[in-house]
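The values are calculated or read from the model by the stated rules, or taken from the named source; none is laboratory data. Since the model is a prediction, treat every value here as computed from it, not as a measurement. Virtual Cβ from ideal backbone geometry, glycine too; neighbours counted across all protein chains shown.
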Amino acid sequence: MSKGTDFNRVQLDKGVTNRLRNLKADTKLSRNYLCRIGLCYSLREPRPPSPGEYDANGQEFNRYLLLGDHDPLYIALVQERLISEDKDPENDFYEEFVAHINRGVEQISGRVRDLTDLYEMMPGELKKEETD
């Protein structure tokens, strides 16, 4: 039975949990923020993630602590992505949501050594304009 959007806990992949631990040490950002960044980073990628690539043997998060005050926004972003991929935004939600977090954390972990690397990964239009 699918969890849809009615869930309180999020269970990550064991390997991703290890990567998150390293990212936290490198950036000093909380795991919640790193997961949010990973989710958004994954949503930018055109190809869908593969939920079957990830286990559920890693860290468990409380959904509302993980997503914070912007929980409805993150949920809507993933639902919109599922609709664009002709997937069911309710039945496919939880597995795809967790797969996006797992994939995103994996992707950023290979590219981030400190906070400046995160800044460099940001789209140009989000960066503060530099003045001469």
| task | Answer yes if at least one residue in the range 28-46 is charged (D, E, K, R), touching a Gly at 6+ places or on another chain (Cβ under 8 Å) and within 24 Å of M122 (Cα to Cα), and no otherwise. | result | yes
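So, in the range 73-128, exactly how many residues are of a type in the set (D, E), out of contact with any Asp or Glu (no Cβ under 8 Å at 6 or more places or on another chain) and outside any helix (DSSP H, G or I)? Reasoning before the result, please.
The initial filter retains those residues of the range 73-128 that are of a type in the set (D, E), namely 80, 85-86, 88, 90, 92, 95-96, 106, 114, 117, 120, 125.
When the remaining residues are screened for being out of contact with any Asp or Glu (no Cβ under 8 Å at 6 or more places or on another chain), the result is 80, 85-86, 88, 90, 92, 95-96, 106, 117, 120, 125.
Those still in the list that are outside any helix (DSSP H, G or I) too: 85-86, 88, 90, 92.
Total satisfying the criteria: 5.
Determine whether R63 is over 27 Å from D114 (Cα atoms) and either modelled with pLDDT under 95 or touching a helix residue (DSSP H, G or I) at 6+ places or on another chain (Cβ under 8 Å) (or both).
Values: over 27 Å from D114 (Cα atoms): no; either modelled with pLDDT under 95 or touching a helix residue (DSSP H, G or I) at 6+ places or on another chain (Cβ under 8 Å) (or both): yes.
So R63 does not fit the description; no.
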| request: Would you be able to tell me the number of residues in the range 82-132 that are among the aliphatic types (A, V, I, L, M) and free of Cβ contacts under 8 Å to residues at least 24 places away in the same chain? | output: 4
| message | Looking only at the range 9-57, count every residue that is part of a loop (DSSP other than H, G, I, E, B) and either out of contact with any strand residue (DSSP E or B) (no Cβ under 7 Å at 6 or more places or on another chain) or modelled with pLDDT under 95 (or both) and tell me the total. | response | 14
| remark: Note on the range 21-42: residues more than 14 Å from L118 (Cβ to Cβ), out of contact with any Phe, Trp or Tyr (no Cβ under 8 Å at 6 or more places or on another chain) and surrounded by 18 or more Cβ atoms within 10 Å (Cβ to Cβ) are S42
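Here's the yes/no breakdown for (1) loosely packed, with under 11 Cβ neighbours inside 10 Å; (2) closer than 17 Å to L39 by Cβ:
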residue: D71; (1), (2): no, yes
residue: N91; (1), (2): no, no
residue: E95; (1), (2): no, yes
residue: H100; (1), (2): no, yes
residue: I108; (1), (2): no, yes
residue: P123; (1), (2): yes, yes
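The rows are residues; the columns are (1) under 11 Å from the mean Cα position of the chain (by Cα); (2) closer than 15 Å to K14 by Cβ.
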| residue | (1), (2) |
| --- | --- |
| N57 | no, yes |
| Y64 | no, no |
| L67 | yes, no |
| P72 | no, no |
| I75 | no, no |
| Q79 | no, no |
| S84 | no, no |
| D92 | no, no |
| Only one of S84, S50 is among the hydroxyl-bearing types (S, T, Y) and touching a helix residue (DSSP H, G or I) at 6+ places or on another chain (Cβ under 9 Å); which? | S50
| task | Evaluate the range 84-106: report whether one residue or more is among the aromatic types (F, W, Y) and within 13 Å of S42 (Cα to Cα). | result | yes
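Does at least one position in the range 80-87 carry a residue that is surrounded by 15 or more Cβ atoms within 10 Å (Cβ to Cβ), β-branched (V, I, T) and modelled with pLDDT of 95 or more? Give the steps one after another, and end with the answer.
We begin by selecting, within the range 80-87, every residue surrounded by 15 or more Cβ atoms within 10 Å (Cβ to Cβ); these are 81-82, 87.
Checking the rest, the ones that are also β-branched (V, I, T) come to none.
Looking for residues that are surrounded by 15 or more Cβ atoms within 10 Å (Cβ to Cβ), β-branched (V, I, T) and modelled with pLDDT of 95 or more, one finds none in the range 80-87, hence no.
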